[in-house]
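As structure tokens, the structure follows; a few thoughts come after it.
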Amino acid sequence: MIENKLKVKKCIFVCGFNNYLGIDEEYDAVNESMYTDGIESVKNYAKDIICFYSNNDPYVKYEAEVDFADKVGTEKILIPNAGHINSESGYDTFEDVVPYL
């Protein structure tokens, strides 16, 4: 359940996921506290929700990222072969997001 009902104009998620465990114990411990059973309700709190994701993320399965984007996104953007879209994957900057700001 989402307790804070703050509304915003836009949310941008990069490699988003929810209720996805098994990455590693340290990540799971942090991520689990941010999960919600009401993920679909996120659409009630933002007019535009953009989800960037990759088809070869080494940490989060493609299906988990697509599921997240399908549930919350008003716009879904696949960046092929971008890994986790982090510095490890060659993204020290993320210029693709600029047009959406």
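The values are calculated or read from the model by the stated rules, or taken from the named source; none is laboratory data. Just so it is clear, the model here is predicted, and its values are computed rather than measured. All Cβ positions, glycine included, derive from the backbone under ideal geometry; neighbour counts span all protein chains shown. Surface areas here come from the heavy atoms of the whole protein model, side chains and all, with no ligands, DNA or RNA. Shrake-Rupley method; radii C 1.70, N 1.55, O 1.52, S 1.80 Å.
The modelled label-to-label distance between Leu21 and Lys43, using points 7 Å beyond Cα along the C-beta direction, is 2.8 nm. Over all orientations, the stretch 1-51 has a Cα convex hull whose mean projected area works out to 3.8 square nanometres.
Using θ = phi - 60° in the Karplus curve 6.51 cos²θ - 1.76 cosθ + 1.60, the 3J(HN,Hα) couplings for the stretch 20-32 round to 10, 10, x, 5, 5, 4, 5, 4, 4, 4, 6, 5, 4 Hz; x is entered for Gly and Pro. Its residue count N fixes a reference of 2.2 N^0.38 Å for the stretch 30-84, and the Cα radius of gyration divided by that reference is 1.17. Rolling a 1.4 Å probe over the heavy atoms of the protein chains gives the chain an accessible area of 65 Å² per residue.
Distance between the 7 Å Cα→Cβ label points at Asp28 and Asp70: 2.5 nm. The charge dipole of the chain, taken about its Cα centre with unit charges on the Cβ of Lys, Arg, Asp and Glu (plus for the first two, minus for the last two), comes to roughly 740 debye. For Glu63 and Ser87, the difference between the fully extended length at 0.36 nm per residue and the C-alpha to C-alpha distance is 6.4 nm.
The alpha carbons of the chain occupy a box of 36, 35, 21 Å along the principal axes, longest dimension given first.
Taking the 1.4 Å solvent-accessible surface of the chain as the whole, the part contributed by carbon and sulfur is 50%. Sequence-distant contacts, meaning Cα pairs under 8 Å at least 6 residues apart, place the relative contact order of the chain at 30 percent. Close amide-amide hydrogen proximity is noted between Ala82 and Asn55, Asn56, each under 5 Å apart and 5 or more residues distant or on a separate chain (H modeled in the peptide plane; Pro and chain starts excluded).
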